[in-house]
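J.: Below is the structure I would like to discuss, written out as structure tokens.
The values are calculated or read from the model by the stated rules, or taken from the named source; none is laboratory data. Treat the numbers as computed from the prediction; the structure is a model and nothing was measured. Heads up, the Cβs are rebuilt from the backbone with ideal geometry, glycines too, and the neighbour counts pull from every protein chain shown. Note: areas computed on protein heavy atoms with side chains; ligands, DNA, RNA excluded. Shrake-Rupley method; radii C 1.70, N 1.55, O 1.52, S 1.80 Å.
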Amino acid sequence: LIRELQQGVKLVDGKSGQSLALPQLLCPGSLLYDADLVCVGEIHDSAADHAMQRLLIDALTYQLFLELRQSEGVDASAPRGRTPQNLSAQRVAVGVEYFSRRQQPTLDSLIFDKSKDGLGSSPSKFREACDWDRVWAYDWDIYAPLFRFCQLNLNRIIGLNLPLEAVLTVSRGGLDSAPDWLREQLPPLDLTQQKHRRRFEDMLQMPLQDAVRRMGLPVDEWSPKKKLNNMYQAQVLWDEFMANTALAYINDVGGRLVALAGANHVWRDAIPERFERQAARGGTPRKAVTIVPWRGDRLPPPGVADFLLRMDGAGGGDKIAAVLQEQRQRLR
């Protein structure tokens, strides 16, 4: 059923508006397949968005798994004589907004600690250890299937973020208020992107679709509101920090990283372009691709996302996610 559903997933090319089947994007030479970082957005409380994220991660992991086995001359179904995907150059890790770098040992224990009383032995143990109800507090049942998926497939989970209290501190007092430990870890923050700044302000004061439509407009006669400077610095800090964590992981470990974050973080002007600029400054250019779940009659302006995942309508992500949910209920 999973492979059948993946065959039916359609992504809209963010530049041309052309509808493309997911399988044709998972082959060498395609933008999605060749990306170092794949950013997939979400509405945090949408079970459908999270189900589609898992479906996309599984599709990429499975395709790379098949190619790995082929390169080793081993049948994909063979129980022995094969390299685990998480130890190969084809590994796929999952970076998430809702955990921080500081929590990495806890996340690694979830995936790799197979002891009887380890964090991976019980969802409730992991929920308590990662302090879920304080640091994120969205519906645990929406997110828990991802953690189980990563356990079963040995997809390492990477905490991309910085602690929420640090973001709140900067949001109130600006970058000058950042604690010393954070200053030592800060990548350069690019505060000069005026279209990004306008989008940030627009999304504070108007419906999402209206703000997105304005992303394609020039900024010549627009000026930012100074009273929002601190909040904007916190937003840029958020994006740059997560981009920096993703880049550090890929540089150190290799493979691909799929980053899951709120939709505002995965438009091209957010994590993806900041990731690419940081990589270029470091001397090793890398490519990020973004997939934004979209509900609405009108598509966003060309170029603001690499791909759009249509969620509404016939064959959309909402309906595919509903089929997945029905299957999960039957298997319980």
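J.: Can you pull the percent of the chain's accessible area that's carbon plus sulfur, 1.4 Å probe, other chains left in place?
T.: Values: 7860 of 15440 Å².
About 51 percent, which is the carbon plus sulfur part of the accessible surface.
J.: Anyone know which of Val94, Val74, Val12 comes out most mobile in the 10 Å Cα GNM of the chain?
T.: Comparing Val94, Val74, Val12 in a Gaussian network model of the chain, the most mobile one is Val74.
J.: Can you give the angle from 0 to 90° between the axis of helix 47-72 and the longest principal axis of the chain, with both taken from C-alpha atoms, to the nearest 10?
T.: 50
J.: Okay, next question. Provide the gained length on full extension for the span Leu228 to Arg148, in nm with one decimal, where the gain is 0.36 nm per separating residue minus the Cα-Cα distance.
T.: Length difference between fully extended and current span is 24.8 nm.
J.: Work through the residues other than Cys39 whose Cβ is under 13 Å from its Cβ and net out their charges, Lys, Arg +1 and Asp, Glu -1.
T.: For residues surrounding Cys39, the net value is -3.
J.: Given a cut-off of under 8 Å on Cα pairs at least six residues apart, what relative contact order in percent is computed for the chain?
T.: Result for the chain is 29 percent.
J.: Counting each DSSP H run of 4 or more residues in the chain as -39500 (n - 2.57), what helix-only mean residue ellipticity at 222 nm follows after dividing by all residues, to the nearest 500 deg cm²/dmol? Walk me through the numbers before you get to the answer.
T.: On the way: 16 runs with 164 residues, N = 332.
For the chain, the value works out to -14500 deg cm²/dmol.
J.: List the lysines whose Cα sits under 22 Å from the Cα of Lys116, skipping any in the same chain fewer than 8 residues away.
T.: Lys125
J.: Moving on. If contacts are Cα pairs under 8 angstrom and at least 6 residues apart, what is the relative contact order of the range 212-306 in percent?
T.: Normalised by residue count, the contact order of the range 212-306 is 32 percent.
J.: If you don't mind, another one. What lysines sit close enough to Lys15 to cross-link, taking a C-alpha to C-alpha distance under 22 Å and skipping anything fewer than 8 places away on the same chain?
T.: Straight-distance partners of Lys15: Lys195, Lys287.
J.: Mind checking which of Ser115, Ser19, Ser100 has the largest fluctuation in a GNM of the chain, springs on alpha carbons under 10 Å?
T.: Its mean-square fluctuation being the largest, the pick is Ser115.
J.: Another question, then. Take the alpha-carbon positions of the chain, form their convex hull, and give its projected area averaged over all directions (one quarter of the hull surface) in nm².
T.: 18.1
J.: In whole percent, what relative contact order does the range 88-197 give with Cα contacts below 8 Å and a gap of six or more residues?
T.: The value is 36 percent.
J.: Moving on. So how do 163-175, 49-61 stack up, highest first, on mean other-Cβ count within 10 Å?
T.: 49-61, 163-175
J.: Around Ile158, with a cut-off of 13 angstrom between Cβ atoms, what is the net charge of the other residues, counting Lys and Arg +1 and Asp and Glu -1?
T.: Counting the neighbours of Ile158, the net charge comes to +2.
J.: Just going by the charge dipole of the chain, with Lys and Arg at +1 and Asp and Glu at -1 on Cβ, which of Gly316, Thr290, Ala261 is farthest out on the positive end?
T.: Of the candidates, Gly316 comes out farthest on the positive side.
J.: Stretch Gln7-Ser30 to full length: gain in nm at 0.36 nm per residue minus the Cα-Cα span?
T.: Working: separation 23, 0.36 × 23 = 8.28 nm, distance 1.65 nm.
This chain segment gains 6.6 nm when fully extended.
J.: Treat every Asp and Glu Cβ in the chain as -1 and every Lys and Arg Cβ as +1, leave all other atoms uncharged, and give the resulting dipole magnitude about the Cα centre to the nearest 20 debye.
T.: 280
J.: Comparing Arg101, Arg127, Arg197, which has the greatest mean-square fluctuation in the GNM of the chain with Cα pairs linked when under 10 Å apart?
T.: Arg127
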